[in-house]
Amino acid sequence: MPQTHEKYEDIHFVDSSKPVWNYSLFSDEDIRNFQSGTHYRLYELFGNKQIESLQTWGTYFAVWAPNATQVSVIGNFNHWDNQAHKLYVRLDNSGIWEGFIPNIPAGESYKYHIHGANGITVDKGDPFSHLWEKRPLTASITWGTYYEWNDGAWMKERKKHNSLNAPWSVYEVHLASWMRPDKNDEESYNTYAQIAERLVPYVKEMGFTHVELMPVMEHPFDGSWGYQGTGYFAPTSRFGSPQGFAALVEAFHLAGIGVILDWVPSHFPYDAHGLFMFDGAHTYEYADMRKGYHPDWNSYIFNYARGEVKSFLISSARFWCDRFHIDGLRVDAVSSILRLDYSRNEGQWEPNAFGGNGNLEAIAFVKDLNETLFRDFPDIQTIAEEATDWPQISKPTFEGGLGFGMKWMMGWMHDTLDYFKIDPIFRPAYQDKFSFSMMYFYDENFMLPLSHDEVVHGKSPMLYKMPGDEWQKFANLRTLYTYMFTHPGAKLLFMGNEFGATNEWNYKSELQWDLLQHVSHGGMRYCVKQLNELYRKEPALHEKQFLPGGFEWVDLDHRSECIIAYKRRGLKPEDDVVVVLNMTPVVRHNWEIYVYGKSTWKEIFNSDSPQYWGSGDVYNPEIKTELVEKETRKYKLILQLPPLSGIVIK
């Protein structure tokens with residue numbers, strides 16, 4: 001829907017005799033905040049806006065090109081003539097070029113033709129455009145984000161869904177390859193509406209509380225999976241319009257599911273129509289390539305010291321929460337943002353003013369980002385993908401932290417996968433790798449990730465990381481998932497992991513849905529569904545998931561048998577559960593463990609259930625208890641432990 005800005009009509013001069021009218025939406029305060037790095041609503045001013053001026057509808061354009069000597073708008077409407085519609089430069093040294101062009105409606109393709117520094121001429125897409133042509137075309141499109149939202153009930157209640165004491169079971173999804181109309185055609189995409197029709201009921205049925213969408217921001221190359229973007233204010237046109245994306249988010253919310261977006265403020269590609277050398281100079285990126293070039297991804301790093309760039313990035317983060325009701329942002333590659341020496345050898349980076357390896361302006365940017373988002377949207381979460389031992393990632397800024405709500409627990413992921421890859425006969429020697437996570441768990445608010453990165457580039461799918469024959473592989477994987485869902489912290493599982501995909505993830509195709517015809521894979525999926533239900537329904541598994549009182553080791557003293565037991569505590573003692581893991585294919589009959597305070601127990605989950613393609617031979621219909629110490633109310637429990645399994649008792 002067109003947006004009007006009639007309040008500006010009496011304070012801005014308009015010359016209606018020219019093809020571009022001298023028109024502005026910016027106030028002096030806007031300019032000051034933009035330059036100082038404190039303007040976080042730039043999407044309301046920059047880009048294209050369909051408005052009415054002097055009873056004439058048209059489009060207002062504004063772009064930041066501080067090194068330009070001339071900027072014009074080119075498109076189908078003027079036959080891409082770079083002399084037809086020249087923008088006006090503001091006379092306040094802001095570097096902003098703007099103007100109103102009458103009779104240009106929504107839906108027109110355009111670029112900025114820029115005469116830049118050192119005589120360089122470039123044609124660039126609009127960094128603030130809300131819609132781009134479908135790749136391989138690269139122009140921006142005049143379009144808005146207006147949408148009639150109907151998710152008021154979710155927005156009113158989402159604080160409890162997104163709080164740290166709520167269950168967080170996240171299904172990580174790559175929208176293009178989750179399912180395709182033609183599974184063999186990488187150019188075949190579902191629309192946002194078709195995705196909503198298929199994906200939302202599936203996520204609901206499986207019991208996940210949130211989805212995390214790998215970057216939906218516009219990007220030119222499918223093989224980047226969205227992590228090298230050009231449209232920081234635009235959902236990708238591969239699946240439709242911004243309104244289609246809004247409807248998808250709304251559909252998740254109506255189903256009671258939160259939506260997290262991957263967001264990439266760390267780097268951007270060198271595509272000719274993108275941000276790199278935007279006006280013939282290093283405008284968005286550092287000019288010093290010791291800071292400005294990313295060797296791992298052959299991309300360029302934002303100049304966090306520049307106020308306009310900081311305003312751009314935080315405006316982008318805020319945009320998705322504001323215009324699309326997003327429940328959280330998972331910030332990609334935080335380590336590369338914070339560290340000057342990230343992926344650089346000695347001599348390839350310059351220490352900061354204090355001699356350290358921290359990028360001081362990037363640290364300040366991250367803190368401002370989190371403070372702004374939690375101030376304006378207190379019911380969301382921000383999640384850091386950060387793989388080093390940088391301290392206090394998820395602690396508040398007023399306590400010296402970076403201010404994220406959560407952090408991916410990469411150490412848990414690596415140690416857990418390393419342990420489960422080991423043949424059970426050798427596992428006794430590696431129990432410390434298994435139990436080490438609780439030595440540092442309370443340093444951060446951790447999310448346990450089994451993400452897309454673990455099932456690509458020769459790492460093998462989750463199922464084939466497991467040792468043993470086919471039955472043992474499935475049993476091991478069910479045990480791993482039982483451990484994951486009962487370990488403290490939020491959970492993240494990549495699509496396809498829930499049913500035991502046998503191929504690595506391939507962004508060009510779709511998931512192996514045909515595997516579900518086999519009882520082994522169908523059983524695996526049903527196991528994950530039941531674990532999601534267990535995690536949601538048992539308060540002890542989430543109420544205190546980030547608090548020291550929420551976890552207690554029960555038994556770590558049977559290393560040679562690879563039996564591990566621990567307790568999860570809720571706010572009420574009667575909600576406590578005990579988890580017992582048998583990490584070998586040996587059945588353990590009449591296994592003794594000791595607990596305090598409760599004399600009656602029942603089995604509420606068994607990963608060896610025949611419903612999950614387990615043996616179903618060993619379970620605990622009744623659990624025998626014996627009081628062994630009256631003063632402390634210490635009880636001995638007699639359990640039957642299935643092979644390669646996890647059981648949960650309450």
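Summary table below
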{"quantity": "Hits in region 322-360 (condition: small (Gly, Ala, Ser), in a loop (DSSP other than H, G, I, E, B) and in contact with a Leu (Cβ under 9 Å, 6 or more places away or on another chain))", "calculated": "Ala353, Gly356"}
{"quantity": "Selection within region 570-608 - touching a residue at least 40 places away in the same chain (Cβ under 8 Å) and in a loop (DSSP other than H, G, I, E, B)", "calculated": "Asp576, Met583, Thr584, Pro585, Val586, Val587, Trp601, Lys602, Ser607, Asp608"}
{"quantity": "Residue check for Trp225: surrounded by fewer than 23 Cβ atoms within 10 Å (Cβ to Cβ) and under 16 Å from the mean Cα position of the chain (by Cα)", "calculated": "yes"}
{"quantity": "Qualifying residue in region 460-473 (condition: at pLDDT 95 or above, among the hydrophobic types (A, V, I, L, M, F, W, C) and within 19 Å of Ile383 (Cα to Cα))", "calculated": "no"}
{"quantity": "Candidates Tyr419, Tyr442 - the one that is surrounded by fewer than 17 Cβ atoms within 10 Å (Cβ to Cβ) and either within 28 Å of the chain's Cα centre (by Cα) or part of a helix (DSSP H, G or I) (or both)", "calculated": "Tyr442"}
{"quantity": "Index of the failed condition, Ser177 passing every other in (1) closer than 28 Å to Lys407 by Cβ; (2) among the polar types (S, T, N, Q); (3) outside any helix (DSSP H, G or I)", "calculated": "(3)"}
{"quantity": "Condition broken by Phe365, with the remaining ones in (1) surrounded by fewer than 17 Cβ atoms within 10 Å (Cβ to Cβ); (2) within 20 Å of the chain's Cα centre (by Cα); (3) among the aromatic types (Phe, Trp, Tyr) satisfied", "calculated": "(1)"}
{"quantity": "Lys624 on the phi < 0 side of the Ramachandran plot and more than 39 Å from the chain's Cα centre (by Cα)", "calculated": "yes"}
{"quantity": "Single residue of region 272-296 satisfying the filter (in a loop (DSSP other than H, G, I, E, B) and surrounded by fewer than 18 Cβ atoms within 10 Å (Cβ to Cβ)) that is nearest to the chain's Cα centre (by Cα)", "calculated": "Asp296"}
{"quantity": "Pairs where the first residue, in region 27-39, is in contact (Cβ under 8 Å) with a residue 60 or more places away in the chain and closer than 17 Å to Thr372 by Cβ and the second is among the charged types (D, E, K, R) and not in a helix (DSSP H, G or I), C-beta under 8 Å, 6+ apart", "calculated": "Gly37/Arg306"}
{"quantity": "Leading residue by the ranking (nearest to Asp327 (Cα to Cα)) among those in region 359-389 that are at pLDDT below 95 and not charged (D, E, K, R)", "calculated": "Ala387"}
{"quantity": "Boolean, Ser645 is of a type outside the set (Phe, Trp, Tyr) and either in contact with a Cys (Cβ under 9 Å, 6 or more places away or on another chain) or surrounded by fewer than 16 Cβ atoms within 10 Å (Cβ to Cβ) (or both)", "calculated": "no"}
{"quantity": "Residues that are outside any strand (DSSP E or B) and hydrophobic (A, V, I, L, M, F, W, C), drawn from region 113-148", "calculated": "Ala117, Ile120, Phe128, Leu131, Leu137, Ala139, Trp143"}
{"quantity": "Filter result for Tyr88 (modelled with pLDDT of 95 or more and within 26 Å of His219 (Cβ to Cβ))", "calculated": "no"}
{"quantity": "Unique residue being touching a strand residue (DSSP E or B) at 6+ places or on another chain (Cβ under 7 Å) and surrounded by fewer than 20 Cβ atoms within 10 Å (Cβ to Cβ) when the list is Glu574, Glu622, Glu592", "calculated": "Glu592"}
{"quantity": "Only one of Ile301, Ile314, Ile363 that is under 25 Å from Asn33 (Cβ atoms) and either without any contact (Cβ under 8 Å) to a residue 12 or more places away in the chain or outside any helix (DSSP H, G or I) (or both)", "calculated": "Ile301"}
{"quantity": "Selected residue [in contact (Cβ under 8 Å) with a residue 60 or more places away in the chain, within 20 Å of Thr416 (Cα to Cα) and buried (at least 22 other Cβ atoms within 10 Å of the Cβ)] from Phe485, Phe551", "calculated": "Phe485"}
{"quantity": "Residue check for Gly597: touching a Pro at 6+ places or on another chain (Cβ under 6 Å) and at pLDDT below 95", "calculated": "no"}
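The values are calculated or read from the model by the stated rules, or taken from the named source; none is laboratory data. For clarity, every value in this text was computed on a predicted model and none was experimentally measured. Here the Cβ is made from the backbone with ideal geometry for all residues, glycine too, and neighbour counts use every protein chain on show.
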